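Below: the structure, in structure tokens.
The values are calculated or read from the model by the stated rules, or taken from the named source; none is laboratory data. Everything numeric in this text was worked out from a predicted model, so none of it was measured. Note: ideal-geometry Cβ built from the backbone for every residue, glycine included; neighbour counts use all protein chains shown. Heavy atoms of the whole protein, side chains included, go into the accessibility calculation; ligands, DNA and RNA do not. Shrake-Rupley method; radii C 1.70, N 1.55, O 1.52, S 1.80 Å.
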Amino acid sequence: MPTIPDSQSKYGRAITVYGASASGLDEVFHRAARQLAVEAVRHNIAVITGGGTQGMMGTVNDTVIEHGGTTIGIIPQFMVDKGWGHKGLTFTEVTDGMHSRKALMAKLSVGVIALPGGVGTMDELMEIITWRQLGLFKGNVVMLNVDGYWDDLLAMLATAEKRGFMRKGADSVLWHVTTDPAEALTLAISNM
Ligand code: AMP
């Protein structure tokens, strides 16, 4: 079992799962979110999310709770004030803003997984890849490519590499891609 650095010991081994807050998504996305949540519980890994109730984030939180796992919601005060926070989480950390939220998510995680999502998820994903590039985040970054959702973003990243905006071979160092929720979990916890 990999050693847990002090900063991560508060909640044991935890991963962050980024994912859509939007509702009305195709069932294929929710199915993957549920499978990922079940895998995390099976491996006794706590799951950190943005602490919301909606979309894939809500599905991950609800499924982890249903299966007796640990959920940690990291949510800014203004979202709590709007009533967006999930009330049934094991732990909730309230931050003063979006930046401190993302920093705390990274600090508490041995690795991160991005489920499909909109700009909020893309922002979180691009920032954590940047932090990994700078050596500020040491865990693995995994894109769970459900139903080809991340294909266009991966093509953009390939263009950035091809045209010299990113180091050659960045894809093998900075992020992993899989279509399998179980493999996503294994990859996310395999670096620390
Ligand atoms: P999006 O992909 O644009 O739906 O944004 C989802 C991401 O942004 C999640 O991973 C959360 O961290 C954060 N986020 C956006 N909306 C909410 C919300 N209503 N409640 C909690 N977190 C949210």
Unmet requirement for Gly88, which otherwise passes all of (1) in a helix (DSSP H, G or I); (2) open to solvent by 10 Å² or more (accessible area, probe 1.4 Å): (1)
Test result for Val110, under 19 Å from Asn191 (Cβ atoms), at pLDDT below 95 and among the aliphatic types (A, V, I, L, M): no
Verdict on Gln35 being within 8 Å of the ligand (Cβ to nearest atom), open to solvent by 20 Å² or more (accessible area, probe 1.4 Å) and within 22 Å of Met143 (Cα to Cα): no
Any hit, segment 20-40, residues being out of contact with any His (no Cβ under 6 Å at 6 or more places or on another chain) and assigned to a strand (DSSP E or B): no
Filtered residue count, segment 70-85, keeping only those that are more than 10 Å from the ligand (Cβ to nearest atom), surrounded by 20 or more Cβ atoms within 10 Å (Cβ to Cβ) and not polar (S, T, N, Q): 1
Selection count where residues are within 13 Å of Gln133 (Cβ to Cβ) and open to solvent by less than 30 Å² (accessible area, probe 1.4 Å), scope segment 166-191: 4
Residue selected from segment 41-58 under the condition of a type in the set (S, T, N, Q) and open to solvent by 20 Å² or more (accessible area, probe 1.4 Å), by the criterion farthest from the ligand (Cβ to nearest atom): Asn44
Count - residues of segment 103-124 that are open to solvent by less than 20 Å² (accessible area, probe 1.4 Å) and either within 12 Å of the ligand (Cβ to nearest atom) or under 10 Å from the mean Cα position of the chain (by Cα) (or both): 11
